[in-house]
Every structure is written in structure tokens, then in C-alpha cells.
Amino acid sequence: MPPYRPIRAAALAAMLASLAAVRANAQAPVDSSLAAFIAAIRAVDNHTHVNSVAPGDSESDAMPLDGIPPFPSAARNRFDNPEIAAALKTLYGYPYADLADAHLSELRAAEQRVRQEQGTRFPEWALDHIGTGVMLANRVAMGPGLAPPRFRWVSYVDALMLPLSTRGERIQTPDYQKLYPLEEKLLHRYLTDLGLSRIPATLDAYVGRVVTPTLERQRQAGAIAVKFEAAYLRALDFGDGPAAAARRIYARYAAGGRPSHAEYTLLENYLFRVIAREAGRLGMAVHIHAFEGGGGFYRIAGSDPLLLEPALNDSTLRGANFVVVHGGGIFMPHTGALLAKPNVFADLSAMAVIYGAPSLAVTLRPWLEQYPEKVLFGTDAFTLSPEVGWEVVALMGGNTVRQALAIALTGMMRDGEITRPRAEEIATMVMRGNALKLYSLCASGSCP
């Protein structure tokens, strides 16, 4: 290996100048007709935490973060962000430029009128008003108002990786102390659904009587993908998990006891592959959270998508399609490299509501230049407060992605990389076409 040499000042200046040029291009005027074309595309949102119309709906996330120690929210998700008031104006005619306490009662009344008028159709009403044709719902279970073809289920499967006691795992951080019990609760629910009161005595029996039947039940109930939130609990380095060793560990602790961290990690690695393989067999994509948060004790380095490479290179998993959800955030270039693998995709969710459009456009452009057929629109829509619901966040995130696409594609047209028809084709692929193909949403002959 050649010795390390520091970057020369001239080379560093050239690098900075190149980056400045890219950013300046992102700030250049956007082609207005292309922007109008993108604004009119009826989108497929790859990742949301949409609420049903059930009172007190609590099934929009397997691991809601409101139970962990407080941590700062990104600036765009704070109520002083004028984009939130603008989205409320679009949806509900909210006449103010801020969310001052004096105005909230008026806002609540306007929202309540719409919800009462729409009843169980409110979620569809919201989709119509934010320009979304189909929304994928990451939920423990679907609920009233969330019916296909407009809403499609993405189930949670981390709990299936955690059949043994997690008491040794949860002591590592204050966040883990809150999150691991939620996964144990969800596994108990899955066991109850199957008529079981405890896990089977052997790993093979656990896979055959719990893992596979649970995934089959979810598929039969309409799930088109499964979701791993694993980065909230461990690093994404799902290395090899030899079957024989995994069987020994499971058998040793199935009736009780506390596995070591190394033992549990090996078992998780094995079960991750089993779950992904079975999901692929059943025709469900595998979604994996990869972003720099949240939580004050979240281990950001552990969410680097490149850590997934050993699993993605497992030839027995090539029957599964993997989606890097949230695009990897600060590791977005690493995600871009993984798109070279035939069964890897990525969406723009979370970045859509945390990053601004010009910043997102800069990092998005290399994806569009190399693998536009692998990029999926997404928002990560979720409820911020009783007054700022998922529909408001979805509209804000959708606007951001549409603007970022227009900026990036305008730059590619200006630089002679693509033609106008190709720019429109790529925009349609990202906003809708790629998801329609990945999830076979046009299988019935009509595309939503």
C-alpha cells in the first residue's frame, strides 16, 4: 500500500471549487415547464407512517420514538418552519403564516370539519390533495380508511429476529431500554396470532412454526414489503450466521437465560437472512432503515448502508429485492454504489422532510445519472402533532422531492447529459414508474 500523503492545497482548492460549481448549478434557474410536468405526476410514496381513522391509532410504527429520552428534531420539522403553515393553507385553508397558540383552535376546527365530512374516506381525500396515487403504509397492522389499492401495507419484522430474552441487549443505551420491550411485545402478538404461548424449543421449529407462517399471514393480508428498523437496535453489519451455531444458541436459551451480545448477534444474522429469503420467496420486498437518526443515543455509523454488503452479496438472497429506506442520509453516496447490485433500490423518504430541495438535488443527481431505474419517491410522512398530521408532512416532503428532481434534471439537461423527453421519463420513473414495477402494482391491468 502506498504511504499516506496529505492533500495538497491546490488539489483541495480544486475539489472545493468543483463542489461549489455543482452547488451553484443546483441553485441555477429551474426549467419551469419541467417543474410543472413533475408537479403533475401522480406519485407512489414508498415510505410513510400514515394513520388510520381509528381514534387513538397506535399501530403506525412498531417502535415509536416518543418513549425514548428527548432529542432535538431537525429544523424543518419544527413548528416555526413556514413550510408547515404553507402546507396547512393548501390542505385546510389555514390563513396564518405561523402556528402561534392563538391560531391553533381555529386550525383544529378546520381540520375537524374535513375529517367529519370525509369520515373513513379522509386518508384518500388527503392523497387526492397531495398528488399521491398510492401510499405504502409502514404499520403493525392496517386500519379503517387504509384500504388497497390506494394504501399498501409494509409490515414490521425485526421482532422475528429477537426470539430470546433481550435483557442483555437493552442495557447498552437508554434508547434500547425503551425500544427492545416494544419488539418483545410485537413478537408476543405474532405468537398469539398463531395460537402459540411461547417460542418452540428448536430454531428449525421456530422458523417453521413462527417466522414463515407470520410472513405468509402478512402476505395474505396484503403486505407487499417487510420493514427492518434494525439500525435503531444494532449496526447493519449482518454478517454470516452459521446455521449450526445459531441452532445451538437458540436451543441453549429458548427456555430462559440471557445470551451474550455476541451470541445474539450471530442468531440475528442468521434470522435476518431467513426472513429476507422467505420475504423474497413470497414476493415481498425487504425495506431497511438507513439514516442518521433518530434518538440521542442512535449509533449513526451503524446505519451506513455499506455495512449491508455481506448480506446483499449472499447469493441465496438474490431472490429478494432490497430497498434502502431514507437513502442512507449522510451515507447517500454509499447507497448510490449499492444500486449497482441487481436487487438493490433506494428511496428519498426522510431526506424529503429533513433536507432542503437544493441540498437534496446535489446528492440525488449522481443517482439519476447512474441508476435512475433504482430510485423511488418517498416522504416518511408521520404525525408531528395533533394539529400537524401525516398528510401535512407528506405534502411538504412531496414538494421537496419534486423541487429537487426539477433542479437535478434541469442541471443534467443544461449540461447536455439528457434530453427533455428523457428528463420527463426519469421524473416519471422516480415519482411513480419504478415503484409500480417493483411492487407489480399494475398486475391487475390498471395502474393506480
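The values are calculated or read from the model by the stated rules, or taken from the named source; none is laboratory data. Note that the coordinates shown come from a computational prediction; the quantities given were computed from them, not determined experimentally. Because the Cβ atoms are built from the backbone with ideal geometry, glycine has one as well, and the counts that use them run over all protein chains shown. Only protein heavy atoms, including side chains, enter the accessible area calculation; ligands, DNA and RNA are left aside. Shrake-Rupley method; radii C 1.70, N 1.55, O 1.52, S 1.80 Å.
Odds and ends about this structure:
- Out of HIS49, HIS129, HIS103, sole residue that is in contact with a Phe, Trp or Tyr (Cβ under 6 Å, 6 or more places away or on another chain) and either of a type in the set (A, V, I, L, M) or within 27 Å of LYS227 (Cβ to Cβ) (or both): HIS49
- ASN313 over 30 Å from ALA28 (Cβ atoms) and without any contact (Cβ under 8 Å) to a residue 60 or more places away in the chain: yes
- Residues that are assigned to a loop (DSSP other than H, G, I, E, B) and surrounded by 21 or more Cβ atoms within 10 Å (Cβ to Cβ) within the stretch 383-421 comprise VAL388, GLY389, listed in sequence order.
- In the stretch 316-329, residue most open to solvent (accessible area, probe 1.4 Å) [restricted to those that are free of Cβ contacts under 8 Å to residues at least 60 places away in the same chain and either under 23 Å from THR400 (Cα atoms) or among the β-branched types (Val, Ile, Thr) (or both)]: THR316
- Residue list for the stretch 330-364, restricted to those being hydroxyl-bearing (Ser, Thr, Tyr) and open to solvent by less than 20 Å² (accessible area, probe 1.4 Å): THR335, SER349
- Condition check for GLU424: assigned to a loop (DSSP other than H, G, I, E, B), closer than 29 Å to PRO123 by Cα and among the charged types (D, E, K, R): no
- Looking across the stretch 262-290, the residues that are under 22 Å from TYR180 (Cβ atoms) and not in a helix (DSSP H, G or I) come down to VAL286, HIS287, ILE288, HIS289, ALA290.
- Against the list (1) open to solvent by less than 40 Å² (accessible area, probe 1.4 Å); (2) in contact (Cβ under 8 Å) with a residue 40 or more places away in the chain; (3) among the aliphatic types (A, V, I, L, M), the condition ALA301 fails is (1).
- Note on the stretch 167-189: residues that are assigned to a helix (DSSP H, G or I) and either aromatic (Phe, Trp, Tyr) or open to solvent by 30 Å² or more (accessible area, probe 1.4 Å) (or both) amount to 13.
- Filtered residues of the stretch 91-132 (kept if surrounded by 13 or more Cβ atoms within 10 Å (Cβ to Cβ), closer than 21 Å to ASN399 by Cα, touching a residue at least 12 places away in the same chain (Cβ under 8 Å) and of a type in the set (A, V, I, L, M, F, W, C)): LEU91, LEU99, PHE122, ALA126, LEU127, ILE130
- Matching helices (runs of 4 or more DSSP H) fully within the stretch 297-378 where at least 2 residues are over 29 Å from GLU391 (Cα atoms): 309-312, 332-338, 357-370
- Test result for LEU405, under 27 Å from ASN321 (Cα atoms), in contact with a helix residue (DSSP H, G or I) (Cβ under 6 Å, 6 or more places away or on another chain) and in contact (Cβ under 8 Å) with a residue 40 or more places away in the chain: yes
- Test: LEU164 is farther than 21 Å from PHE297 by Cα and either surrounded by fewer than 22 Cβ atoms within 10 Å (Cβ to Cβ) or of a type outside the set (Lys, Arg) (or both): yes
- Qualifying residue in the stretch 327-345 (condition: aromatic (Phe, Trp, Tyr), over 26 Å from THR132 (Cα atoms) and within 16 Å of the chain's Cα centre (by Cα)): yes
- Residues that are in contact (Cβ under 8 Å) with a residue 24 or more places away in the chain, farther than 24 Å from ALA244 by Cα, assigned to a helix (DSSP H, G or I) and of a type outside the set (Phe, Trp, Tyr), drawn from the stretch 190-223: ASP193, GLU216, ARG217, GLN218, ARG219
- Where a residue in the stretch 237-261 is at negative phi and part of a loop (DSSP other than H, G, I, E, B) and its partner, wherever it lies, is open to solvent by 40 Å² or more (accessible area, probe 1.4 Å) and basic (Lys, Arg), with Cβ under 9 Å and at least six apart: ALA254/ARG198; ALA255/ARG198; ARG258/ARG167; PRO259/ARG252
- Yes/no for ASP193 being open to solvent by 40 Å² or more (accessible area, probe 1.4 Å) and either farther than 28 Å from PHE377 by Cα or in contact with a Phe, Trp or Tyr (Cβ under 6 Å, 6 or more places away or on another chain) (or both): yes
- Selection count, the stretch 40-84, where residues are assigned to a loop (DSSP other than H, G, I, E, B), touching a Leu at 6+ places or on another chain (Cβ under 6 Å) and open to solvent by less than 50 Å² (accessible area, probe 1.4 Å): 3
- Of all the numbered requirements in (1) assigned to a helix (DSSP H, G or I); (2) crowded, with 22+ Cβ neighbours inside 10 Å; (3) of a type in the set (A, V, I, L, M), VAL154 misses one, and that requirement is (1).
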